[in-house]
1. Given the conditions (1) within 14 Å of chain A (Cβ to nearest Cβ); (2) of a type outside the set (Phe, Trp, Tyr); (3) buried (at least 18 other Cβ atoms within 10 Å of the Cβ), which single one is not true for B:GLU471?
2. Of B:GLU331, B:GLU279, B:GLU372, which residue is of a type in the set (Asp, Glu) and closer than 21 Å to B:PHE172 by Cβ?
3. State the number of residues belonging to region A:48-60 that are surrounded by fewer than 24 Cβ atoms within 10 Å (Cβ to Cβ), facing another protein chain (nearest Cβ under 10 Å) and at pLDDT 95 or above.
4. Do we have B:TYR61 as out of contact with any helix residue (DSSP H, G or I) (no Cβ under 6 Å at 6 or more places or on another chain) and among the aromatic types (Phe, Trp, Tyr) here?
5. Identify the residue in region A:63-72 that is touching a residue at least 40 places away in the same chain (Cβ under 8 Å) and surrounded by 22 or more Cβ atoms within 10 Å (Cβ to Cβ) and, among all such residues, is nearest to A:ASP19 (Cα to Cα).
6. Can you name every residue in region A:61-79 that is out of contact with any Phe, Trp or Tyr (no Cβ under 6 Å at 6 or more places or on another chain), away from chain B (no Cβ under 12 Å) and outside any loop (DSSP other than H, G, I, E, B)?
7. Among the residues of region B:242-297, which ones are touching a residue at least 60 places away in the same chain (Cβ under 8 Å), polar (S, T, N, Q) and buried (at least 19 other Cβ atoms within 10 Å of the Cβ)?
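The values are calculated or read from the model by the stated rules, or taken from the named source; none is laboratory data. What you are looking at is a predicted structure, and each value in this text was computed from that prediction instead of being measured. A quick note on method: Cβ atoms are made from the backbone with ideal geometry, for glycine too, and the neighbour counts reach across all protein chains shown.
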Amino acid sequence: MAKNVNVWIDGHHLEVPEDMTIIEAADQHGVYIPRLCYHPDLPPTANCGVCVVDISGNPTPKRACCTPVAEGMKITTNSKKLRDYRKTLVEMILSHHEVVCPTCAANNKCELQTLANNLGVDPYSLPNILEMKEVDMSSSAIIRDPNKCISCGRCVTVCNEVQTVYALTNSDRGIESEITTAFGLGMNNSPCVNCGQCTVYCPTGALRERSELDEVWDAILDPDKHVIVQEAPSIRVSLGEEFGMPLGSVTPKKMYAALRKIGFDSVMDTNFTADLTIMEEGTECVNNLKAGSKRPLITSCSPGWIKFMETYYPDLADCVSTAKSPMSMFGVLAKTYYAQEHGIDPAKIVSVAIMPCTAKKFEARRPELNDSGYQDTDYVLTTREFLRMIKEAGIDFATIPEEEPDEGMSFYSGAGTIFGATGGVMEAAIRSAYTLVTGEELENVNIEAVRGLEGVKEATVNIPGFGDLRVAVAHGLGNARKVMDQVREGLKTKGESPWHFIEIMACPGGCVGGGGQPYGNDIASRARRGLALYEEDRSLPVRKSHHNPEVQRVYERFLGAPNSKLAQKLLHTYYFKRSVSSGQVVEEVTHKHH
Amino acid sequence: MKYYRSHVLIGINETSLAAGVESFIKALRAELSKTGLSDEINLLETGPLGFFGKGICLTVYPENVNYENLKEADIPELVQEHFLKGRPVARLMLDSAGKFSPKFNYKSRIVLRNSGIIDPESIDDYIGTGGYEAWEKALTKMQPKDIIEEVKESGLRGRGGAGFPAGVKWSFTAPLEAKQKYVVVNADEGEPGTFKDRLIMEGDPHQLLEGLMICARAIGATKAYIYIRGEYKLCIMRLQKAIDDCRSYGIIGENIFESGFDLDIQIKIGAGAYVCGEETAMIESLEGNRGHPRWKPPFPGVKGLWQAPTVVNNVETLANVPFIIIKGAQEYKKFGTPQCTGTKVYTILGDVAYPGLCEVDMGTTLRTIINEYAGGMKKGFKFKAALVGGAAGMFLSEKLLDVKMDLASLDQYSAVLGSGAILVMNEHQSIVDMLWSILRFFRHESCGKCSPCKTGTQQLYLLISKIKKGEGTMEDVELMQNIAEAMQQTSFCALGQSPIMAIRSAIENFRDEFIAITQK
C-alpha cells in the first residue's frame, strides 16, 4: 500500500496515495481537469498538453496526467493563463485536423469537438495547415484516416501495450509524423487482428469501422432479397445508453422491434448459435478430456483472437476448437437449414450480423467460411453502425414497444447470453459439459470464479467421473499472450498444458467491450454491460444450452448430433499460419475433418 | 632524447582531413627528410589548434606562428624559408599583419589543456601530461562520497545547457541500491553552430574518458555509454582507440588497479536527430527505441537506461572533472565567478575576424570574447547581434555586450548560456532571416510526439516564412509570440519549450525590423 500524502487542488485539501497522478487524484475528488489524450484505462502518453496545471514552486505548468502527487503539493487547475494555453493548444490541434464535424462518424462523440466547445475555442484563429494524406482503406474492418488523427497515441498504446498486437506505430518526425502501420503498408498488410480497440479509444473519427450500412440498406430495400439478421449477445445491453436509458439496460425485445421496423425480413438471434456452439465445442472438450489429451482446448468465438493466434501462436492452432463462431454457425445455417425449412432459395438470402466487433467483418470475409455454398455471412454491422441505422430509420428506441423475434433460430438460454461477457463462454460450457460427462445436471449454474474483469481468471471445477477440470479465462490479447506463453511453456517443459479448457476473448471485458461498441467504451461501461448480461441470464427460464428447444430441434431435423458428419462440415473450420509482419496467410496449419 | 629546434603542430580534424592533410603530412615528411631536417623539426599530429583557419593549419613553436589553408605546393617554400632559414612565410600566415595571434587562453585552460599540444591518439602522451592520475586517486584514495563532495564543492554545473550542478546530480544516484547503474555521456552535440564537444573529443579524448570513469566510480556505475552523433567520425575513431588503449593498459575493465571496481565503456552512434540530445530521448534511443522523450519525473538519475539509475552528463562537464579531483575544488573555484565556477568553452563563428574555439573563465563578457579571442568584428563590419546558445539560445543585442557570460548573470536578462555557440551577426544581417532559419530548424527537428511542438513548430515556420516574404502583419508577429509561449509552457520536452527564446529576444531587441518588413 502506498502511503498517503496531503495535496491541495484549487485550495481543497485532499489526502491521496502517493502513487497517484494529479489527474487521478482530481478525478477521484470531482475536479475535472480538461484533457484530450489522457484516458483512464490507458497509461498516459502525455502528448496533448491540455491537462497542464500549475504547481506551486514550478516556473512552468506540468501535465496532470503523468505528474505524480507529492506531499504538500499545491495545484491550480484553472487560471486565466492556463485557460489561454489550453485554448491555444486546441486551436493548434484543430489547425492540423480535418474539421468536418457534421459528417464525421464521431460527431457528437468526438472528444476533440467536445473539448473545443467546452473551452470556447475559435477554430479559425490559426490557418489550417493540414496537408491531406491518403486514407487507409486497405482493411475490410477498420479505416484509418490520418487527416483526422491528432497523434494522441492512444491507439498505439492500446494496440501495443494492452493488446500486444503491434500493428500501429509512429513514423516520421515533426509535422510529418503520423501514426501508421509498419512501412505505411496499410492495416491489411500489418499484424492488425481487427479487434478495433483502437477505434474505441480514438478520441476523434480517425479510426473507425469500415461501414457496410449502405449495402445493408440496399439489400433491405431490394424486394428480391430475403434479409435475415442476427445480433450478438452483447448488442442487447449496449443500445439503450445511446437513447438516454441507463447504461446496461437489457433490451432484446426493443432490439427485435427496431430491426423489424427497419425492414429486416427475418429477425433471429446469435444467442441461438451461441447455445449451438456450446453443444459443438462442449462435445469437442469432453472428447478431449475422455481421450486424456495433454493439450488444452481453447475457445474460438472471438475473431480477433483467432487472427492473433494464427499470427503469433500458429504452433498451438491444433489446441483451438474447430467450432466456428456463433456468427458463422448462424451464417451457414441461415443458407442451409433455414432456407430448407422455409423453402427459400439460399441465393436470395442476405445474411446480416450485428456485432459488437470490427473483427467480425474480417471473419465474414474469410474465403473458407462458405460451407453453405455461398459466403456464409454477407454483411457485418457494428453496434455503432446499428445505432446509426436506428436513428436513420427515425426510431425512438427508448419508447418503441417490445416485440418477439421470429422463430427457428432465435431462442436462447442464459448460457447463450453470457457469451457476451468475459468468462461467459467458459461458464456456459461448464454448465453443459458437466451433463455431457456425468449425465447429470449441474445444480449451481453460477460459476462466479470465471466472472469479473481480472485479466486472467483461473478455476478448478470438480466433475464426478473425470476429476478436477482446470480452466483459465483471458480477455484482452495482452492477457491471452500471457496464457498462451504458459501453455507453450508447459507443453514444452512438462508435456502438458496447465489448463484443460481455456476461454479467450480479444477485447478487454469480452464482447461487451468489443471494438464495435459505442464510443466512450471504457472499463466501467464494459463492466456494467457485462453485469447486465448476467442479470438477463438469471431472469431466463432456460439457463443451459443443451436445454434450448430450438437447438434440440436443429439436431433432430437437420444436423443429427453434435460433431456429426454434417455438423463437422457446416459448423467447424480450420486455421492458418500468418506472417507476423503482414498478417497474410503463409500456410494452412490445421485441416478440416471430413 | 632528441632535441628538436622546432615543434610543428598539425591540426587533424574533419576540416583538414577533407583538405587532404594526410597526404600533406606525407609530403612534408618527405621534404624534411630530403632537406635533412627530420631530426631538427618535430612534426606532431594533434587536435584543434585553437583557431579556425581554412583547410590545413599548422602552428610552429617556439615562435608561435600560425599557418592556414596550406597546399602541398607550399611545402618547399615553407621548409626552405621557415624551417631552414627561420623566416616565417607571411603570405601563408593566418594573420599576415601579425597583430592578432588568436590562441587558447592558457590561464583559463582546464578542458582544453592538452588540445593542440599532445597527440590525441596517444595514451602515453596523455599519461605524460598527468593523465589518469585523477582516476587513480579517485579509485584508490577516495570514497565515492568524497568524490561527490569535491565535485559539489567545486560548483561545477552542467555544460550541456541547463546548468544543473553536476555533484548534486551525482548525489541523487549514488545512494540508490540497484543491480546496475549507468553513466551516459551526452556527445550528441546537435545545437546549430556548436561543436565544442567535437573539438574536446578530437583534441583530448582521454580527458573525457577520465572524467567519465570518475563519475562512474562516484555513483557506482559499472557500465558507461558515450552517445555520440554519427557525423563525428574522427571523434568516434579517436574515442574508440582511447577506450581500447585504456582497456589494454588496465585502466578500465575488471578489478581496475586491484580496487575491485569494474568499468566498461561503449560508444553508441546516434543517427542525427536533434531531440536525441535531450537526455530521456537519448536513453530511449540507446535502448533501441524511437527517439521520443520520456516524462520526468522519474528522472534518469532514478530510472534511466533500462529503468536503472543513470547519470547523463555532457562531454564538457565530464572533461572538467579530472582537474577538480587532482587540483581540488578550491583551485577550481579560482576560475569563473562565485556563482558560476570554472571555465566555459565557446565556439565563435559568424562575422568575426577569427572564428574559432576558446576556453575562458565563466563570466567573461561577450565583448571580451569577441575582441580578445576572435579578433573583433570582421574588417569593415559593425556588431549587430550575437545568437548565443544555438537555435535554442537567444539573440543578444549590443546592450548586452558587457553582461558577464555566466548562468547567474545571464539569468537576470532571461538569457541562457546554452550550448556555448556564439554566432556573431553584422549590421547588414537580417534578424528575420536568421529567425526563419532557426524556426525552420525546429520544424525539421521536432520529434512529433507532443501536439504543441509538432503543430507549433510548423505554425511558427509558416508565420515567419510569411513575414520574411513581406506578406506578414504585426498581428502575425504577436501570434508567433503567443504560440511560442504556449509551446514553452505546454511542450513535453525542452525542444518545444525553446523556440520562444529566439523569438522573444528577436522581437524585443529588433522590433523595428519586424515593423519594417511587415509594412512593406
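1. It is condition (3) that B:GLU471 fails.
2. B:GLU279
3. 1
4. Working: out of contact with any helix residue (DSSP H, G or I) (no Cβ under 6 Å at 6 or more places or on another chain): yes; among the aromatic types (Phe, Trp, Tyr): yes.
For B:TYR61, the condition - out of contact with any helix residue (DSSP H, G or I) (no Cβ under 6 Å at 6 or more places or on another chain) and among the aromatic types (Phe, Trp, Tyr) - is met.
5. Taking region A:63-72 and keeping what is touching a residue at least 40 places away in the same chain (Cβ under 8 Å), we get A:64-72.
Then drop every residue that is not surrounded by 22 or more Cβ atoms within 10 Å (Cβ to Cβ), which leaves A:64-65, A:67, A:69.
Working: A:ALA64: 13, A:CYS65: 12, A:THR67: 10, A:VAL69: 7 Å.
For region A:63-72, the residue satisfying everything is A:VAL69.
6. First, the residues of region A:61-79 that are out of contact with any Phe, Trp or Tyr (no Cβ under 6 Å at 6 or more places or on another chain): A:61-64, A:67-73, A:75-79.
With away from chain B (no Cβ under 12 Å) added as a condition, the list becomes A:71-73, A:75-78.
Result: A:MET73, A:ILE75, A:THR76.
7. B:THR280
This table checks each residue for (1) part of a loop (DSSP other than H, G, I, E, B); (2) within 30 Å of B:THR455 (Cα to Cα); (3) in the same structural domain as A:GLU310 (by TED's automatic domain parsing); (4) within 17 Å of the chain's Cα centre (by Cα).
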position	(1), (2), (3), (4)
A:PHE183	no, yes, no, no
A:VAL193	yes, no, no, yes
A:CYS198	no, yes, no, yes
A:GLY205	yes, yes, no, no
A:GLY248	yes, no, yes, yes
A:MET255	no, no, yes, no
A:PHE264	yes, no, yes, no
